[in-house]
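What follows is a set of notes on a single structure, which appears directly below.
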Amino acid sequence: MTFILGLTGGIGSGKSAASQWFETQGIQVVDADIVAREIVEKGQPALTQIKDTFGDWVVLENGELNRRALREYIFKEPDARQQLEQITHPAIRTAIIQQLANATSPYVILVSPLLFETNQHQLTHHTLLIDANEDLQILRASQRDGQAIDQIQKIIAAQMPRAEKQKIANDIVLNEEHIEHLHAKLEPLHQQYLARSKQ
């Protein structure tokens, strides 16, 4: 059975930079965010369920999900988030399991911002947390996405606290310097994971 590494980190922690580095080493990455988008694409059963649950207004004229309208609705209606998650979470989990099973690299990475929050870490053998202090997270996310600071703070507040993630994670990489430092810290871990994959 293929060794599965769960990779996570808060917004602006450098999680994407880490997963991109692993990809350059020939390791396949299953990205939970991409899977979440794929399962609600035009023609997918989850999109039909969302339409049946919330109404025709959630689908645009071209048949695609009206993400903005749904996001605004969920923000106003707390129960709606739960309804949506009951549709999407099982579909996401099924698709992730399938993609992990189809991986052909020495080991495979499941990258997910909500790895612990959604119990996706149960699908992995080992977890790696890319971590950074909150001020740096806010700075990076605002520079990268041009998002308002209060919006970024809301995202951080909605995620599991850093201290909690640190308790659960098997490996932690503190990413508060240049990208070269991050890569240097990932290299020995990559060798360990390669060794684990051969066991």
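Here is how the numbers come out for the structure above:
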{"read-out": "From the options A195, A148, A163, residue that is more than 30 Å from F75 (Cβ to Cβ) and more than 18 Å from the chain's Cα centre (by Cα)", "value": "A195"}
{"read-out": "Neighbours by Cβ (under 7 Å, 6+ apart or cross-chain): first from segment 67-84, in contact (Cβ under 8 Å) with a residue 24 or more places away in the chain; second open to solvent by 80 Å² or more (accessible area, probe 1.4 Å)", "value": "A80/Y73"}
{"read-out": "Tally, over segment 19-42, of residues that are open to solvent by less than 30 Å² (accessible area, probe 1.4 Å) and over 13 Å from the mean Cα position of the chain (by Cα)", "value": "5"}
{"read-out": "Scope segment 19-33; condition in contact with a helix residue (DSSP H, G or I) (Cβ under 6 Å, 6 or more places away or on another chain) and closer than 23 Å to Q166 by Cβ; matching residues", "value": "W21, V29"}
{"read-out": "Test: residue in segment 109-116 that is in contact (Cβ under 8 Å) with a residue 60 or more places away in the chain, farther than 19 Å from Q159 by Cα and open to solvent by less than 80 Å² (accessible area, probe 1.4 Å)", "value": "yes"}
{"read-out": "Residue satisfying all of: in segment 1-18; modelled with pLDDT of 95 or more and closer than 17 Å to Q98 by Cβ; farthest from the chain's Cα centre (by Cα) among these", "value": "I4"}
{"read-out": "The one condition in (1) crowded, with 21+ Cβ neighbours inside 10 Å; (2) closer than 24 Å to A157 by Cα that A80 fails to fulfil", "value": "(1)"}
{"read-out": "Close pairs from segment 32-52: first touching a residue at least 60 places away in the same chain (Cβ under 8 Å), partner open to solvent by less than 30 Å² (accessible area, probe 1.4 Å), Cβ under 6 Å, at least 6 apart", "value": "A32/S112; V35/I92; V35/A95; V35/I96"}
{"read-out": "Any hit, segment 103-120, residues being closer than 17 Å to D31 by Cβ and of a type in the set (D, E)", "value": "yes"}
{"read-out": "Answer from A169, A158, A163 - the residue that is open to solvent by 50 Å² or more (accessible area, probe 1.4 Å) and either of a type in the set (K, R) or modelled with pLDDT of 90 or more (or both)", "value": "A163"}
{"read-out": "Residue check for Q192: open to solvent by 80 Å² or more (accessible area, probe 1.4 Å) and in a helix (DSSP H, G or I)", "value": "yes"}
{"read-out": "Residues that are open to solvent by less than 30 Å² (accessible area, probe 1.4 Å) and aliphatic (A, V, I, L, M), drawn from segment 43-77", "value": "A46, L47, I50, V58, L65, A69, L70, I74"}
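The values are calculated or read from the model by the stated rules, or taken from the named source; none is laboratory data. All values derive from a computational prediction rather than experimental measurement. Positions of Cβ are generated from backbone atoms using ideal geometry, with glycine treated the same way; all protein chains shown enter the neighbour counts. These area figures cover heavy atoms from the full protein model, side chains too; ligands, DNA and RNA do not enter into them. Shrake-Rupley method; radii C 1.70, N 1.55, O 1.52, S 1.80 Å.
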